[in-house]
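Notes follow once the structure below has been shown.
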Amino acid sequence: IGLLHRHTARINDTENNWAISSDKVQTEDEIFIEKAEEFMINHLGEYVELTDIARNLNVSQSTLSHKYRKLTGRSPLDSLLNMRINEAKTLLLRGEKLNTIAEKTGFYDEFHFSKTFRRRTGLPPRKFLRGNTVK
């Protein structure tokens with residue numbers, strides 16, 4: 001009876017292990033990136049420094065910078081800027097004014113937004129808009 005009981009327990013353990021491994025389990029690195037990017041997305045319109053992101057993740061600025069770059073190939077602030085530009089593109093296509101877009105995406109003003117947008121996309125915001133509207 002003891003042998004049968006141990007055999008049944010081993011079968012159940014095998015079934016449970018299979019069930020667990022079939023689910024998508026996030027790694028620690030994936031959770032780290034997800035939390036960092038979630039913080040950035042939630043603070044797109046605010047002034048954000050590396051210390052803010054690091055503090056939110058309970059790591060040093062150095063750890064944040066090195067780990068984030070190792071996992072994504074870019075710095076956290078570069079990713080934040082890309083998120084802001086992508087959000088700005090969406091707002092441009094919705095017809096928002098440049099000063100409103102600048103405010104919503106964390107730029108100092110319309111000029112700063114336009115200059116950064118042009119540097120990142122190769123086009124000023126208005127030319128980007130003209131090239132992406134239905135005629």
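A few remarks follow.
- The mean accessible area for residues of region 25-135, using a 1.4 Å probe and ignoring ligands and nucleic acids, is 64 Å² per residue.
- Förster-model FRET efficiency, 41 Å R0, Thr27 and Thr90, C-beta, rounded to 0.05: 0.85
- The Cα center of region 60-78 and the Cα center of region 40-58 differ in position by 13 Å.
- Sparse-neighbour loop sites [trypsin sites (Lys or Arg not before Pro); region 29-74; at most 16 other C-beta within 10 Å; DSSP]: Arg74
- Relative protection proxy for 113-124, 78-89, from highest mean packing down: 78-89, 113-124 (other beta-carbon atoms within 10 angstrom).
- Of Lys35/Lys67; Lys35/Lys70; Lys70/Lys127; Lys67/Lys89; Lys35/Lys104; Lys35/Lys127, pairs whose Cα-Cα distance is over 24 Å: Lys70/Lys127; Lys67/Lys89; Lys35/Lys127
The values are calculated or read from the model by the stated rules, or taken from the named source; none is laboratory data. Being a predicted model, the structure only gives us computed values, none of them experimental. Here Cβ is always computed from backbone atoms with ideal geometry, including for glycine, and neighbour counts include all displayed protein chains. Surface accessibility is based on the protein's heavy atoms, side chains included, excluding ligands, DNA and RNA. Shrake-Rupley method; radii C 1.70, N 1.55, O 1.52, S 1.80 Å.
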